[in-house]
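Structure record follows, encoded as structure tokens.
Every number here is computed from the coordinates shown, using simple stated rules; none is lab data. These numbers were taken from a predicted model, which means no experiment stands behind them. Here the Cβ positions follow ideal geometry from the backbone for every residue, glycine too, while neighbour counts run over all protein chains shown.
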Amino acid sequence: MKDLNQALNYSNQGIELCIDNETLYLLPELFFQKGRTYEKLGNYIHAIYNMETAKYIFSLMKHTKYNTAIDKIIADIQLNLLKNQGK
């Protein structure tokens, strides 16, 4: 759990650096990583939000080749969310 929280911390630091330096370089990758970390923590709502943010930024950068993969990951997360709501 500590490693996952540290991963979130590093992702947030990287996102802040990108914003402060007004660069998109690695920004969508950082949101993607943040989403994956939230997924591992079981926080599916935040996972989906960060994956959607990564997808949006990739689209802005015209890197749409990642959209299909991200859409599949989001669908898997949504399925996990639905499964966990039924418990």
Self-check item: Test: residue in segment 23-38 that is surrounded by fewer than 12 Cβ atoms within 10 Å (Cβ to Cβ), over 18 Å from His63 (Cα atoms) and not polar (S, T, N, Q)
Solution: no
Quiz item: Quick one: how many residues across segment 41-87 are closer than 12 Å to Glu29 by Cα and charged (D, E, K, R)?
Solution: 2
Self-check item: Residues (surrounded by fewer than 14 Cβ atoms within 10 Å (Cβ to Cβ) and of a type in the set (S, T, N, Q)) located in segment 60-77
Solution: Thr64, Thr68
Practice problem: Provide a single number: the residues in segment 1-55 that are of a type in the set (Asp, Glu) and under 26 Å from Thr68 (Cβ atoms). | Solution: 3
